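Okay, structure first, notes after.
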Amino acid sequence: MVEARWGAVACQNDWLSWKHCCRTWSAGITGWRWSSAGLARARRGSKELSRRCGVPYLNLSLALSQRLLPLTSKERPLRVGRLLAEILDEQPGSAVLLDSTELLFEPALRQDPLACLQGASRHKTLVVAWNGETAGAALICAEPGHPEYLRYEHPDVNVIVLP
């Protein structure tokens with residue numbers, strides 16, 4: 001069994017840096033956060049990273065929501081982990097770039113998003129776009145008081161903000 005890890009990658013817009021990003025991936029989870037460039041630019045950047053490094057791009061919220069839709073609201077939280085594993089198993093290769101991970105943060109699913117990703121990374125290398133903020137050594141999603149607010153203090157994460 002591969003131990004799940006969360007790392008980070010920084011990729012600038014030159015080919016040498018892109019190649020370095022691809023070599024940096026290892027078994028487990030690699031993540032990054034785009035600067036406040038806007039969601040559309042971040043999505044395009046994620047797709048470009050996927051293309052340049054030759055790994056499949058997956059809109060996780062779309063794929064997962066399609067599988068959760070036929071389930072009842074009581075079944076959904078119980079099946080998220082298994083469905084996530086199935087979706088990832090269907091992806092070719094040993095690595096997958098995950099974008100649009102917001103559904104994992106949905107309070108109705110009662111999941112720990114980071115734990116879900118760490119569990120899934122035992123079988124395939126995950127490259128994950130973090131749709132949140134950083135503050136020192138903390139990973140943050142949403143604002144305090146928001147239903148999706150989460151703060152991971154000192155997770156085993158190297159955070160790099162991409163321009």
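Quick check on G93: is it small (G, A, S) and out of contact with any strand residue (DSSP E or B) (no Cβ under 6 Å at 6 or more places or on another chain)? Taking the combined requirement at face value, the residue satisfies it. Of the strands (runs of 3 or more DSSP E) lying entirely inside segment 66-144, those containing at least 1 residues that are free of Cβ contacts under 8 Å to residues at least 40 places away in the same chain and surrounded by fewer than 12 Cβ atoms within 10 Å (Cβ to Cβ) are 133-135. There is at least one residue in segment 7-22 that is part of a loop (DSSP other than H, G, I, E, B), of a type in the set (V, I, T), at pLDDT below 85 and in contact with a Ser or Thr (Cβ under 9 Å, 6 or more places away or on another chain). Go through the residues of segment 97-114 one by one and say whether even a single one is of a type in the set (V, I, T) and farther than 20 Å from P77 by Cα. Checked segment 97-114: no residue is of a type in the set (V, I, T) and farther than 20 Å from P77 by Cα. Does any residue of segment 78-98 turn out to be under 14 Å from the mean Cα position of the chain (by Cα) and more than 15 Å from L60 (Cβ to Cβ)? Checked segment 78-98: no residue is under 14 Å from the mean Cα position of the chain (by Cα) and more than 15 Å from L60 (Cβ to Cβ). Filtering segment 144-156 to residues that are closer than 18 Å to A129 by Cα and of a type in the set (D, E, K, R) leaves E148, R151, D156. Taking V2, is it aliphatic (A, V, I, L, M), part of a loop (DSSP other than H, G, I, E, B), at pLDDT 75 or above and under 19 Å from L126 (Cα atoms)? No, not satisfied.
The values are calculated or read from the model by the stated rules, or taken from the named source; none is laboratory data. Remember, it's a predicted structure, so these values are computed and weren't measured experimentally. Cβ coordinates were reconstructed from backbone atoms using ideal geometry, including for glycine residues, and neighbour counts include every protein chain displayed.
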